[in-house]
1. For Arg218, are the conditions met, namely being open to solvent by 50 Å² or more (accessible area, probe 1.4 Å) and among the charged types (D, E, K, R)?
2. So which residues in segment 227-258 are crowded, with 18+ Cβ neighbours inside 10 Å, outside any strand (DSSP E or B) and out of contact with any helix residue (DSSP H, G or I) (no Cβ under 9 Å at 6 or more places or on another chain), if there are any at all?
3. Keeping to segment 125-158, report how many residues are touching a Ser or Thr at 6+ places or on another chain (Cβ under 7 Å), part of a loop (DSSP other than H, G, I, E, B) and modelled with pLDDT of 95 or more.
4. May I ask you to verify whether Ala73 is open to solvent by less than 30 Å² (accessible area, probe 1.4 Å) and either free of Cβ contacts under 8 Å to residues at least 12 places away in the same chain or aliphatic (A, V, I, L, M) (or both)?
5. When segment 56-90 is examined, which residues are found to be assigned to a strand (DSSP E or B) and either hydrophobic (A, V, I, L, M, F, W, C) or at positive phi (or both)?
6. So in segment 2-37, with the set limited to residues that are in contact with a Pro (Cβ under 8 Å, 6 or more places away or on another chain) and small (Gly, Ala, Ser), which one is modelled with the highest pLDDT?
7. Go through the residues of segment 231-239 one by one and say whether even a single one is among the hydrophobic types (A, V, I, L, M, F, W, C) and out of contact with any Leu (no Cβ under 9 Å at 6 or more places or on another chain).
8. Condition check: part of a loop (DSSP other than H, G, I, E, B) and under 22 Å from Glu412 (Cα atoms). Does Gly309 satisfy that?
Amino acid sequence: MSDLPAFTVKIDHNPHLPAGGRELHAIVTVEAAREGGGGRAPAAEAAEIIIIDTSGSMTYSGKMAAAKRAAKAAVNVLRDGVRFAVIAGANRPRLVYPQDERLVRASARTRRDAASAVGRLDAAGGTAIGSWLLLANRLFAEHRDAIRHAILLTDGKNQHEPAPELQKALDACSGNFVLDARGVGTDWEVPELRLISSALLGGFLDVPDPADLEADFRAMTEAAMGKAVADVTLRVWTPQHAELRFVKQMVPAVEDLTGRRVPSGPQLGDYPIGAWGDEDREYHLCVEVPAGDVGRQMRAAWVKLVVPGTSADPDERVLASGNVLVEWTDDEAKSTRINARVAHHTGQSELAGAIQEGLEARREGDEDTATARLGRAVVLAKQVGNEQISALLDRVVDVIDLDSGTVQLKGEVSKADEMSLDTRSVRTVRTRVDGGPSDQAGS
C-alpha cells in the first residue's frame with residue numbers, strides 16, 4: 001500500500017434546492033499523489049504493448065519510417081522489469097517482438113533486440129484493427145494483476161474486417177487493458193478511433209505530421225510508466241427513489257461513463273476509470289432525488305474510489321470517498337446560485353457536442369445547421385477559456401461577431417484542420433474561476 005498514491009475526493013456543488021426541487025449537479029475532483037511527489041517510479045507490475053499499423057498505405061509520406069522511430073522511442077523508455085511486446089498490424093496481426101505469443105521483461109538486452117526487430121518492419125497488406133486488439137488481449141490475459149496499457153497507431157480506415165467484428169473485439173477487450181490511439185495522416189476516421197479509445201478507457205489524438213510521432217510515443221509511454229494502480233472504479237451510491245441521470249468524465253477529456261454502469265449492490269453502481277498515477281481528474285454527476293420540503297437535508301450521493309483485489313490480496317480496497325449533500329430552502333438567493341465549476345463543465349460538455357454536430361452537418365452539406373452549431377461553439381470556447389479550440393475553430397469559420405457567435409463557414413478547409421478540431425473537441429481545460437471551497441472532501 002505504501003507505493004500507491006494517496007487519493008482524495010473533493011465535491012463542488014450548490015447543495016441548496018428550492019422546495020420541490022429534484023435535480024442536483026456536482027463536480028467530483030479526484031486527486032492522486034504519492035508521498036514525496038512523483039519522482040519515485042511505482043513498484044507495481046506493468047505490461048505494455050505497442051501496436052503499429054504496417055498496412056500498405058504506411059509506405060507513403062514517411063509514415064513507416066516515423067512509426068519505426070516512434071516504436072523504438074517507446075521501447076527505450078520502458079522501465080526494467082516491465083513486460084512488453086510489439087505487434088505489427090495488417091490484415092492479420094503478427095508479433096514483431098518477441099516472436100512467440102508472450103510478453104517479455106524489459107532489460108537492456110530485450111529493449112535492444114526489440115528495437116532491432118522494429119527496424120526490420122515493412123509495410124504491406126490491409127487494416128483489421130479488431131484482430132490486432134484480440135492478439136493484445138491474449139497477451140495481457142496472463143498478467144491480470146499488472147497495470148496493462150497499449151498504444152495503437154493507424155493511418156487508415158478499418159476496411160478489412162466488418163464493423164461488427166471490430167465491435168465484437170472491443171467487447172472482448174473492454175476492461176482488460178487501457179489503450180491510447182493515434183491517427184497519423186488524414187486517411188483514418190475520427191469516429192472509429194474515438195469508438196476504440198473510448199471502449200478501452202484511453203484517449204486518442206491526430207498526428208498530421210509523421211515527424212511528431214516519436215516524441216508523442218515517448219510521452220505516452222512515460223505516462224504509462226508513471227501509473228501506480230490499475231482498474232480503479234468510481235462507485236456511486238444514491239438513495240431510494242433517486243436516479244443517477246449521468247456520470248461524465250470532464251477532465252482531461254469529456255467521456256460519458258453513464259452507459260458503463262455495473263450494479264454492485266443495492267443502490268450502488270460502479271463506473272470504470274482506468275489506471276492512475278500522480279494526477280487529477282474531474283467528473284460531473286447529475287442526480288435526481290425525491291422532492292423535499294423546506295429545511296429537509298439528505299445525502300444525494302455517496303462517492304467512493306475502489307480498487308479490486310489481486311491474486312495476492314483478494315479483498316477490494318476503498319481509496320477515498322466523498323458525500324454529495326442536499327438541503328431544501330425557501331431562500332431564492334441560495335437555491336438559484338450556480339456553482340462555478342458546474343457551470344464551467346456544463347459549458348465544456350456543450351462545446352464538444354456543438355463542434356461534433358457542426359462538423360457533421362458541414363460534411364452533409366447542411367450549411368445552416370453547421371453555421372449555427374459552430375457559431376455556438378465559438379461562444380462556448382470563449383466562455384470556458386479553451387484557447388486551443390478557439391484557434392482550431394478559426395481555421396474552420398470566419399468569426400463576424402464573437403459575443404453573439406455570428407460566423408461564416410470558410411470556403412476551403414484542410415482535412416487535417418477539420419480532423420484536428422473534431423479530435424480535440426473533447427479535450428477540456430480546467431476551470432479558471434474559483435468555485436469556492438469544496439462542500440465536502442474525504443480521503
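1. Answer is yes for this residue.
2. Of everything in segment 227-258, those that are crowded, with 18+ Cβ neighbours inside 10 Å, outside any strand (DSSP E or B) and out of contact with any helix residue (DSSP H, G or I) (no Cβ under 9 Å at 6 or more places or on another chain) turn out to be Lys227, Ala228, Thr238, Ala242, Leu257.
3. The qualifying residues number 7.
4. Numbers: open to solvent by less than 30 Å² (accessible area, probe 1.4 Å): yes; either free of Cβ contacts under 8 Å to residues at least 12 places away in the same chain or aliphatic (A, V, I, L, M) (or both): yes.
Criteria met by Ala73.
5. The answer is Phe84, Ala85, Val86, Ile87, Ala88.
6. Ala32
7. No.
8. On the way: part of a loop (DSSP other than H, G, I, E, B): yes; under 22 Å from Glu412 (Cα atoms): no.
It is false that Gly309 is part of a loop (DSSP other than H, G, I, E, B) and under 22 Å from Glu412 (Cα atoms).
The values are calculated or read from the model by the stated rules, or taken from the named source; none is laboratory data. Owing to the predicted nature of the structure, the values given are computational and were not obtained by experimental measurement. Here Cβ is always computed from backbone atoms with ideal geometry, including for glycine, and neighbour counts include all displayed protein chains. Note: areas computed on protein heavy atoms with side chains; ligands, DNA, RNA excluded. Shrake-Rupley method; radii C 1.70, N 1.55, O 1.52, S 1.80 Å.
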